[in-house]
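To start, the structure itself, in structure tokens.
The values are calculated or read from the model by the stated rules, or taken from the named source; none is laboratory data. Here the structure is a predicted model, which means the values were calculated and not measured. Methodologically, a virtual Cβ is constructed for each residue, glycine included, from the backbone with ideal geometry; neighbour enumeration extends over all protein chains shown. Side chains are part of the model used for accessible areas, which takes the heavy atoms of the whole protein and leaves out ligands, DNA and RNA. Shrake-Rupley method; radii C 1.70, N 1.55, O 1.52, S 1.80 Å.
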Amino acid sequence: MCPLMNTTSTLRTRRSSEDRQQEIVEAVLKLTAERGVESITTGLVADRLGLTQGAIFRHFPNKEALWVAVLEWLKIRLGDLFARREPDPLDELERIFLAYLRFIHEYPAMPRLVFSDTFHHTYPSLHVQVREMVADCETRLERLIREAVAVGQARSGHEAAAAKLLLASIQGLAFQSAILGLVQDPRALGPHLFSLWRTGLAHPHDVS
């Protein structure tokens, strides 16, 4: 066999495998949004995709490996949200805040995963990863708030608390939307909440 043909065949096989894994992860996300973490089984995922459970296990040896892939998918997407786009720190904070709410609206599986006791107790190592992911988001927010303080856009001495408050607003809307169903679309409240948060962080002489 020609070496080039062999390489091409290998790449196609790898690409096909990656595509199938992505398809399985997306099915898990949709099912989690519909039914919650506790209801997810490999059989349910297989039925949704019209596959056998054996086909699922060819890509993920067990359910924990499947959740690892789902969590990795979420971490990558969250990392994309924090890719710097606005030079102004407060404008960047607003962009991230609103983008985060859009993400929650489009992927309600994320808050269902984050707020699931079953998930955290069943997979302690993944619980640690979720905790680190949330902590990293808070650190990134606090870094931008410190930038805002440095350029005179915000009061100093409240950076850590302000980051926690902004993240708590995201988490609160996520919980009310994906878990309780009290908020139909978290995106609608985003601009109002950020405006209140921004006013609280502003210098007293900047508040009209």
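Excluding the site residues themselves, the longest part of the chain lacking any trypsin sites (Lys or Arg not before Pro) in a DSSP loop with at most 11 other Cβ atoms within 10 Å is 86-208.
Given a 10 angstrom Cα cut-off, can you work out which residue in ALA55, ALA69, ALA174 is the most mobile in a GNM of the chain? Looking only at ALA55, ALA69, ALA174, the largest GNM fluctuation is found for ALA55.
Based on Cα contacts under 8 Å between residues 6+ apart, the chain shows a relative contact order of 21 percent. Taken as entire DSSP H runs, the helices of the chain that both span 30 Å or more between Cα atoms along their own long axis and average -0.5 or more on the Kyte-Doolittle scale are 124-150. Rolling a 1.4 angstrom probe over the protein heavy atoms with all chains in place gives the stretch 110-208 an accessible area of 55 Å² per residue. Taking only the C-alpha atoms of the chain, the Rg (one decimal) and the largest Cα-Cα distance, Dmax (whole number), read 20.7, 77 Å.
For the stretch 52-208, with all protein chains in place and a probe radius of 1.4 Å, 55% of the accessible heavy-atom surface sits on carbon or sulfur. Within the stretch 95-208, the percentage of alpha carbon pairs spaced more than 20 angstrom apart rounds to 47%. Working note: 222 nm ellipticity from helices only, DSSP H runs with n ≥ 4, each -39,500 (n - 2.57), summed and divided by the residues of the chain, gives -24500 deg cm²/dmol to the nearest 500. Considering only LEU31, LEU193, LEU180, the mean-square fluctuation computed in a Gaussian network model of the chain, springs between alpha carbons under 10 angstrom, is largest for LEU180. In terms of overall dimensions, the stretch 46-164 has a Cα radius of gyration and Dmax of 18.0, 59 angstrom.
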